[in-house]
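A short write-up of the structure that comes next.
The values are calculated or read from the model by the stated rules, or taken from the named source; none is laboratory data. Source: prediction; values computed, not measured. A quick note on method: Cβ atoms are made from the backbone with ideal geometry, for glycine too, and the neighbour counts reach across all protein chains shown. These accessible areas exclude ligands, DNA and RNA; they are computed on the full protein's heavy atoms, side chains included. Shrake-Rupley method; radii C 1.70, N 1.55, O 1.52, S 1.80 Å.
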Amino acid sequence: MLCRLLFWITIGAMAPAVHGYDPTPAAEPGTIRGKTVLVLHSYYKGYRWTDDEGRGIDSVLLPEVGASNLYIEYMDTKRFFGPGALEQFPDVYRRKFMSHHFDVIVATDNNAFDFLRQYRDRLFPNTPVVFCGVNYFKEEDIQGLRGFTGVSEEADVKDTLDLALRLHPAANRIYVVNEISETGQTVHDEVVKLMPAYAARANFTFLEDYSMPDLLATLRALPPNSLVFYSFFSHDKTGRFFEYDQSATAIARATKVPIYGAWDFNLGYGIMGGKLISGFYQGVAAGKIALRVLQGEDPDSIPVVRFTPNRPNRYMFDYVQLRRFGISPGSLPKDTVIENMPESFFRRHRLGSLAGAALFLFLIVANSILALNIRRRKAAERALWNQREHLEELVTSRSAQLENLNSRLRLDILRREATERALRESQRLLNKTFASLRDCLLIITAESPTILDCNPATSKLFGYTREEVVGQSVRLLHVNDESFDRFRELALEAIQEKGYLHIPTFPMKRRNGEVFATQHSVMPLYDEDGVLVSWVSVIRDITEQQRSDEKLGEYRRKLRKLAAELTVVEARERRAIAAELHENLGQVLATAKLKIAPLRTLVPDAALQSRIEEVQGLVEDALQQTRSLTYQLSSPILYQLGLEAALQWLAENMEKQYGYRVTFTRLGESGELREESSAFLFSAVRELLVNVAKHAGAGEVAVRLRWLDDSVEVLVKDNGKGFRRSSVSDLSIGAPDSQDGFGLFNIYERVSDLGGRVSLRSEPLKGTAVKIHLRLDPAAKSMESEHEHQNSAGR
């Protein structure tokens, strides 16, 4: 009888599987009839984020209002957006929906939200608006507007970083890939606020404002034990635009470390996952709010979903990346969504699997009945034996339990003693460190500025004993109440923004009334629950440092003055030597040339005429070399016609001398330079052009002179072989590199002495560019006239 009953139960269980019956109850017809909904999408159909939001909205509203009452509009502002783009829609929608009334409007993303904020009252008066996908919504966005509520799109950075560091305990570096935009800056600020909480676990590096090639090169060189947090990167430093799948795929291919993200549309392109913003769940949340409005709830009473536990962010991961980095799905949080999960055998063969399972269940039941009968027969035979064994086991178990408890008690005592010793040792080390600090260290209560403790350095710095300081207000150490109030404002503002305070210099007061300069740092201390309990203030006396800085500044000013004078002296000496060569040696050689020329007609011997002609050629060469040396030492063009004419002549002369093409251009209205600045710029350009001839192997060189309002720039750029610099950036300002050579080093030093700066950029096979920037001196013209007067008086 029992076997027959089990047989029919098994057949009944198999019947739904055989006929394909789905036990899930059918959804009841919607209770909201006659209500109409307009869904206004900012972007276009086929854009993944918009499609996901649409699916989420449909999953909630379609069963309730029906497809005929759900109107869908795409503004397509992703592909067609510019000045005046939103102004074209009001007339279109007014004509299209003039005979329609909507009970609620669902807006997706910022453009549709901004459009309805501006035109809702004109096109759809008093119609409630539910929004989703609005990046980092602010309450002032709907200030003064009635009937607006919805869901804010906000990245869940903290939960993602917590999970990433838990899944990768060895990771100690986090690289944040982010773009320079309003939303990107918001993500940047949120990461910065979280950094103090992770200071002991990981270092953060922001990869922002990069070109895509530079970003990919940096990611390829990431060290082991690194993680990447990726928000989005749709525009690089050069202004180039990338679709989300292009940028995510390129970044994932460039790095070998796990990548965690913030938006789900990057999933499937090499991103591991995280607690992601999901377009689908954004749509679901907005659909549920719209449903509440349709049921009669006042939209103004429904708060906007923001940083709350019920915000529509989900843990989502890519199964392919989980396998790549050896992460078990079982280690992920509950209800995690896993994409690209391989389809199981049961899903592919559901009907056969259910039938086989039912048959297997029938066999198990039949075998269970037979086994039950056998066990019943044997049970009676073993009952007495088990009873006796039970008593023996009970005695043995009780004895083992007592022994085990005794061992645990001894082990707990030993552990407690070891813990107490460790605590005493830690306290001893802490007290020793606290006492040995050379800087003043104060521990201050959070509720009131009362000093809880201080180290011995406090007495040396301020002149108070420890007993005189502990229990007193920290105002005691400030110059006056105004100074203390100012310091407190700076501390509260800095800790709210960065999590700590560092002031390079701030005045404090000793016990004897002396006011001195200090360097001040303040850090907050929190308990296990994250509640602020006290402040740690570190104070350093920088009086001697300030004096040293002042002396060093004075030495630097004197050195620059001496360097400027040296430049003037050098230029004058060059001019004197050049004048001496021109007026003496040049004249002698010219006279010799004139004297030798008639000898050829006076001597009849052909061999002697050949010798005279040879001597005449040597004199001519010496005369040309003397003139060239005169121009190289001090070009008269520089002092007679100015810097622009001198650089023009130098470009033409270098082109003839070395064979590469030199192009000279000037920009802006000419300004006035000191004599030493003009001489230096001329010699620096000559040095750079000679370097191009020696090392660059260039075919073209551009020399550009650019006059600005208060400065002048000289750029020398070649198309030669270039070189790779050892510095991290390809642009080094004011700091010479070891491989730049003595010539460039000398230019760096001279520019620094003249108060200017040097920029150098070079890449292999892409040439080298050197830019020299000097400030114009308003008094240069008068000083130059004075120098000319002195020189003429000296002659």
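Per-residue answers, yes or no, for (1) in contact (Cβ under 8 Å) with a residue 60 or more places away in the chain; (2) among the hydroxyl-bearing types (Ser, Thr, Tyr); (3) open to solvent by 10 Å² or more (accessible area, probe 1.4 Å); (4) in contact with a Phe, Trp or Tyr (Cβ under 8 Å, 6 or more places away or on another chain):
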residue	(1), (2), (3), (4)
Tyr44	no, yes, yes, yes
Asp51	yes, no, yes, no
Val65	yes, no, no, no
Glu73	no, no, yes, yes
Arg94	no, no, yes, no
Val104	yes, no, no, no
Phe115	yes, no, no, yes
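Please enumerate the residues belonging to the range 659-693 that are among the acidic types (Asp, Glu) and in contact (Cβ under 8 Å) with a residue 60 or more places away in the chain. Please lay out each step first, then the result.
Quick first cut of the range 659-693, residues among the acidic types (Asp, Glu) only: 669, 672, 675-676, 687.
Passing the criteria: Glu672, Glu675, Glu676, Glu687.
Scan the range 383-436 residue by residue and report those that are of a type in the set (S, T, N, Q) and farther than 30 Å from Thr458 by Cα. Of everything in the range 383-436, those that are of a type in the set (S, T, N, Q) and farther than 30 Å from Thr458 by Cα turn out to be Asn386, Gln387, Thr396, Ser397, Ser399, Gln401, Asn404, Asn406, Ser407, Thr419. Selection over the range 525-552 of residues that are in a strand (DSSP E or B) and among the aliphatic types (A, V, I, L, M) gives a count of 6.
Given the options Ala357, Ala400, Ala371, name the one that is in a helix (DSSP H, G or I), in contact with a helix residue (DSSP H, G or I) (Cβ under 9 Å, 6 or more places away or on another chain) and either surrounded by 10 or more Cβ atoms within 10 Å (Cβ to Cβ) or among the hydroxyl-bearing types (Ser, Thr, Tyr) (or both). Give the derivation first.
Details: Ala400 fails: in contact with a helix residue (DSSP H, G or I) (Cβ under 9 Å, 6 or more places away or on another chain); Ala371 fails: in contact with a helix residue (DSSP H, G or I) (Cβ under 9 Å, 6 or more places away or on another chain).
That would be Ala357, the only listed residue that is in a helix (DSSP H, G or I), in contact with a helix residue (DSSP H, G or I) (Cβ under 9 Å, 6 or more places away or on another chain) and either surrounded by 10 or more Cβ atoms within 10 Å (Cβ to Cβ) or among the hydroxyl-bearing types (Ser, Thr, Tyr) (or both).
Take Thr149 and tell me if it is over 27 Å from Lys288 (Cβ atoms) and hydroxyl-bearing (Ser, Thr, Tyr).
On the way: over 27 Å from Lys288 (Cβ atoms): no; hydroxyl-bearing (Ser, Thr, Tyr): yes.
Considered against the rule, which asks whether it is over 27 Å from Lys288 (Cβ atoms) and hydroxyl-bearing (Ser, Thr, Tyr), Thr149 comes out as no.
Would you confirm whether or not the range 239-259 contains a residue that is under 19 Å from Phe325 (Cα atoms), without any contact (Cβ under 8 Å) to a residue 40 or more places away in the chain and among the hydroxyl-bearing types (Ser, Thr, Tyr)? Looking for residues that are under 19 Å from Phe325 (Cα atoms), without any contact (Cβ under 8 Å) to a residue 40 or more places away in the chain and among the hydroxyl-bearing types (Ser, Thr, Tyr), one finds at least one in the range 239-259, hence yes.
Taking the criterion of being polar (S, T, N, Q) and in a loop (DSSP other than H, G, I, E, B), the residues of the range 234-248 that qualify are Ser234, Thr238.
In this structure, Phe124 does not qualify as buried (at least 17 other Cβ atoms within 10 Å of the Cβ) and either closer than 30 Å to Ile327 by Cα or within 23 Å of the chain's Cα centre (by Cα) (or both).
Just to be sure, is Arg201 basic (Lys, Arg) and touching a strand residue (DSSP E or B) at 6+ places or on another chain (Cβ under 8 Å)? No: the conditions fail for Arg201. Among helices (runs of 4 or more DSSP H) entirely within the range 406-524, having at least 1 residues that are under 30 Å from Ala199 (Cα atoms) and free of Cβ contacts under 8 Å to residues at least 40 places away in the same chain singles out 456-462, 481-498. Residues in the range 263-293 that are touching a residue at least 40 places away in the same chain (Cβ under 8 Å) and farther than 30 Å from Pro128 by Cα: Leu267, Gly268, Gly270, Ile271, Met272, Gly273, Gly274, Lys275. Looking across the range 221-234, the residues that are of a type outside the set (Val, Ile, Thr) and at pLDDT 85 or above come down to Ala221, Leu222, Pro223, Pro224, Asn225, Ser226, Leu227, Phe229, Tyr230, Ser231, Phe233. Under the condition of being without any contact (Cβ under 8 Å) to a residue 40 or more places away in the chain and of a type in the set (A, V, I, L, M, F, W, C), the residues counted in the range 294-322 number 1.
Within the range 134-176, being surrounded by 15 or more Cβ atoms within 10 Å (Cβ to Cβ) and part of a loop (DSSP other than H, G, I, E, B) holds for Tyr136, Phe137, Gly147, Glu154, Ala155, Asp156, His168, Ala171, Asn172.
The residue that is modelled with the lowest pLDDT, counting only those in the range 306-352 that are open to solvent by 50 Å² or more (accessible area, probe 1.4 Å) and among the acidic types (Asp, Glu), is Glu343.
Quick check: anything in the range 184-194 open to solvent by 50 Å² or more (accessible area, probe 1.4 Å) and assigned to a loop (DSSP other than H, G, I, E, B)? No, every residue in the range 184-194 fails to be open to solvent by 50 Å² or more (accessible area, probe 1.4 Å) and assigned to a loop (DSSP other than H, G, I, E, B).
Apart from one condition, Arg574 fits all of (1) at pLDDT 70 or above; (2) surrounded by 13 or more Cβ atoms within 10 Å (Cβ to Cβ); (3) not aliphatic (A, V, I, L, M); the exception is (1).
Go through the range 95-108 and report how many residues are over 17 Å from Pro128 (Cα atoms) and outside any loop (DSSP other than H, G, I, E, B). Going through the range 95-108 one residue at a time, the tally reaches 2. Within the range 109-133, the residues that satisfy the criterion of being of a type outside the set (Phe, Trp, Tyr), at pLDDT 90 or above and outside any helix (DSSP H, G or I) are Pro125, Asn126, Thr127, Pro128, Val129, Val130, Cys132.
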